[in-house]
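This report refers to the structure that appears directly beneath it.
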Amino acid sequence: MSVDAVTDLPENIFQLIFEKSPGSLLVKANPPYFTILAVSDSYLSITSSTREGIIGKGFFEAFPDDKVYIEENIRARHIFNKVIVTRQKIDVPNYRFDVINEKTKEKEIHFWSCGNTPIFGADNNVAYILNTVVDITEEVNAKEAALESESRLRLATDAAELATWDLDLETQTFVYSPRLAEIFGSPVCTDLSLIDIRSRINPDDMQNIVMKAYFEALVTGNYLYEVRVNWPNGSLHWVRTQGVVIKDEKKRPVRMLGTILDITESKRDEIRKNDFIAMASHELKTPLTSIKAYLQILAKKLSPLQDTFVTNALMKAGYQVNKMSDLIHGFLDLSKLESGKLQLQEQLFDINKLITDVIADINAVSVGNYIKFKYREPIFINADKEKIEQVISNFLSNAIKYSDKGSKIHIGSKKDESNLVVSVADEGIGIKLKDQEKLFQRFYRVESEKMKNISGFGIGLYLASEIILRHKGRIWVESDDNAGSTFYFSLPLPDVSK
């Protein structure tokens, strides 16, 4: 039977169409030879063959089985015979068969996918087999690279004791690595739901930290927080979660991906450090209070002498004692804050009266700067008076510290809708934009030539920020380099309708 028996088309038309088809080869069902009758141009190209070199030859004479890489059950001889017996199309989705590179004359690794379709003759027996092949080398290599990358990532996360998680925001489907269950106090094989995990987070942290970070992440795209976790056995642990938000083409958040790390040991070390700082600071308070008292007695005793040097020396000594006292109180507040022991004692008071008192205290020990404050009426807020005083003092002290003597400092207070807004503006050295967002971080200090001779530990603004945030307020700065700075904080005003 000739090739034109396969189709009603004239032989020359069939041959033209066949030769232009993708990756096709027609063999006669005459085992064991399987003579090649027709071949497409693309088949010749991907196998580095010529039509003259293979037409009329047996398939295995033109393309010997690769006995190294091709398994017995997917070798062409086995597949062709099986097509004749079963009379069914048989596909081989992936096999390796190396070919010669015509330029380098060396064998190159290639992977293929092929289909073997039976074509029946007039006697209804398999007369031909249509062998179609597709070079899938790039796809296989890409998949292997992805698997290798995934394997490396898994090894890295395992080495770092990280857990990974994936949250579908639409279906709330939560997928995670086995390590996550361990981090939340359960055996590796435990199946935990998102509700189970959230129930183990400290309720205060869940409300004040997790939910805030969640809604911020939907806007910024980044997710980061540290929280306390209560294990089923009653022990307390800490975890850090970091991730990103994935958005669709319409910029809608659809997924969150991230990692979780158990930071319990580092947190316990931090607590020990804070306890030590608190203990040392507390022990320093008593002798410092005594020194301050003796200086005040000494100043009173020596005042009749009217000695300018003695008066100035005692005033400067008192200033340094106050400075050290503020520093000690700062360390005490820092240790309380980070151990969760900083409590707010809220009361109703006039913020403008408090600002006036703070200015008076600062003017008593600091000269050279003019602090301007004018207000028309009292503004009452419900807050921790001592803590808010600490924030105002910090703003004013920084304004003095980073401004030239003789410059002006303006402090203002006003009602803005349902909030109180307090501002402190100076004419000092200013703050670069890149430093502004980091100013309220713990221990952050601006590195510049202007700052190298100005003392500080970088905890004042951090404490001020935490105090304001715990009052459900907001704190921020506006500044230009060499053009002064204005620090703000806002607090919610009490609801007079209640």
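The values are calculated or read from the model by the stated rules, or taken from the named source; none is laboratory data. Small disclaimer: the values here were computed from a predicted structure and weren't measured. We place every Cβ from the backbone using ideal geometry, glycine too, and count neighbours over all the protein chains shown.
Structural remarks
- When the stretch 75-101 is limited to residues that are of a type in the set (Val, Ile, Thr) and surrounded by 15 or more Cβ atoms within 10 Å (Cβ to Cβ), the one that is modelled with the lowest pLDDT turns out to be 99.
- Residues (closer than 22 Å to residue 245 by Cα, surrounded by fewer than 17 Cβ atoms within 10 Å (Cβ to Cβ) and of a type outside the set (D, E, K, R)) located in the stretch 193-208: 193, 194, 195, 206, 207, 208
- Any chance residue 171 is among the hydroxyl-bearing types (Ser, Thr, Tyr), at pLDDT below 85 and not assigned by TED's automatic domain parsing to the domain that holds residue 466: no
- Residue list for the stretch 211-227, restricted to those being touching a helix residue (DSSP H, G or I) at 6+ places or on another chain (Cβ under 9 Å) and either closer than 19 Å to residue 175 by Cβ or at pLDDT 90 or above (or both): 223
- Screening residue 310 against (1) surrounded by 15 or more Cβ atoms within 10 Å (Cβ to Cβ); (2) at pLDDT 80 or above leaves a single unmet condition, (1).
- In this entry, residue 441 is excluded by the filter for residues that are modelled with pLDDT under 85, surrounded by 15 or more Cβ atoms within 10 Å (Cβ to Cβ) and more than 30 Å from residue 318 (Cβ to Cβ).
- Where residue 273 falls short, out of the listed (1) surrounded by 13 or more Cβ atoms within 10 Å (Cβ to Cβ); (2) out of contact with any Leu (no Cβ under 9 Å at 6 or more places or on another chain): (1)
- Unmet criterion (only one of (1) modelled with pLDDT of 80 or more; (2) exposed (fewer than 13 other Cβ atoms within 10 Å of the Cβ); (3) among the aliphatic types (A, V, I, L, M)) for residue 16: (1)
- Selection status of residue 363, more than 21 Å from residue 461 (Cβ to Cβ), surrounded by 14 or more Cβ atoms within 10 Å (Cβ to Cβ) and either not assigned by TED's automatic domain parsing to the domain that holds residue 329 or not aromatic (Phe, Trp, Tyr) (or both): no
- Meets criteria (surrounded by 16 or more Cβ atoms within 10 Å (Cβ to Cβ), in a helix (DSSP H, G or I) and not assigned by TED's automatic domain parsing to the domain that holds residue 182) for residue 284: yes
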